[in-house]
Structures are given as C-alpha cells and as structure tokens.
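Quick note: the coordinates plus some simple rules give every number you see, no bench work behind them. On a predicted model such as this, the values are computed, not experimentally measured, just so you know. So basically every Cβ, Gly included, is an ideal-geometry build from the backbone, and we count neighbours across all protein chains shown.
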Amino acid sequence: MRLMAFDYGTKRIGIAVTDPLQIIATALTTVHPDDIFKYLKEYLQQEQIETFVVGRPLQMDGTDSESAQHVVGFVRKLKKEFPAINVVEVDERFTSKMASSAIAQSGMKKNKKQNKGLVDTISATIILQTYMDTKGF
C-alpha cells in the first residue's frame with residue numbers, strides 16, 4: 001500500500017505518493033482544494049493508501065502558523081471521509097524553501113522555476129520523504 005502526502009494551500013494542494021513498497025516518494029500532482037475529495041475518491045478506486053501525511057505549517061517557535069487552521073479543517077475532513085486511512089501530520093516549516101532550492105539547482109528553465117504548482121508537488125514530496133525518514137522506511 002502507498003503513502004500519500006499533502007502540501008495544503010488555499011489555492012493548490014500539492015500531492016506526492018510512494019510506490020506500493022513505500023521505498024520512493026514521488027511528486028504526483030496539484031489539485032484545487034475544492035476538488036481534492038473528488039480527486040481522492042477517484043484515485044482510491046485505483047490505488048490503496050495506507051497513510052495520509054499532511055504538512056502542518058508551524059512558526060519558528062513550534063506554534064501553529066496562521067494557515068494551520070486550514071490544515072486542521074482539511075485533516076478533520078480527511079478523517080471523516082476516509083476513516084480507514086491513517087492520517088498523520090508532519091512539520092512543514094522549510095519545505096517550500098527546500099522545494100524552490102531544489103528546482104533552482106535542477107537547472108530548470110526560468111518559467112518552470114516560477115511554477116508554483118511544481119513547488120507545491122515537490123514540497124509534498126519533501127513532506128512525504130521526511131515522514132518516511134522518521135519512520136525508518
């Protein structure tokens with residue numbers, strides 16, 4: 001079964017998944033928040049997900065950031081819509097900066113660097129990899 005991670009934003013949600021053996025985290029797509037549950041229901045008809053990993057935006061002192069309230073609502077709805085799937089949250093404080101840095105270092109063309117959706121999917125991949133690293137995958 002796969003793991004799936006989310007970089008939740010009010011404009012886009014970056015999504016990443018593992019392979020079925022949970023070895024490699026890969027960027028999947030971005031979805032508008034209004035469409036996320038429809039997307040997940042369709043995805044889950046094709047693939048099995050063991051755990052949803054959601055990035056939790058925190059301040060430098062470890063308290064919730066302003067955008068954390070949106071994540072709390074998203075997590076609550078994930079648990080309600082998909083009660084059989086475990087939901088965990090991980091600290092996502094530096095994922096967007098790390099994603100932007102990775103894109104810059106990859107040598108992608110300028111317009112690709114400015115693609116916020118790409119940053120979101122790479123951020124989700126970093127969130128997923130962070131979770132996998134802490135669990136010893």
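The distance between label points at Ala84 and Tyr39 comes to 2.3 nm (points 7 Å beyond Cα on the Cα→Cβ vector). For the pairs Lys38/Lys135; Lys11/Lys135; Lys38/Lys80, flag any whose C-alpha to C-alpha distance is greater than 24 Å. Those over the limit are Lys38/Lys135; Lys11/Lys135. Between rounded, prolate and oblate, where does region 1-57 land on the alpha carbon gyration tensor, with a ≥ b ≥ c its root eigenvalues, rounded for a/c under 1.5, else prolate if a/b exceeds b/c? Judged from the Cα gyration tensor, region 1-57 comes out oblate (a/c at least 1.5, b/c at or above a/b).
Phi angles of region 72-82 translate, via the Karplus equation with coefficients 6.51, -1.76, 1.60 and θ = phi - 60°, into HN-Hα couplings of 4, x, 5, 4, 4, 6, 4, 5, 6, 6, 10 Hz per residue; Gly and Pro are given as x.
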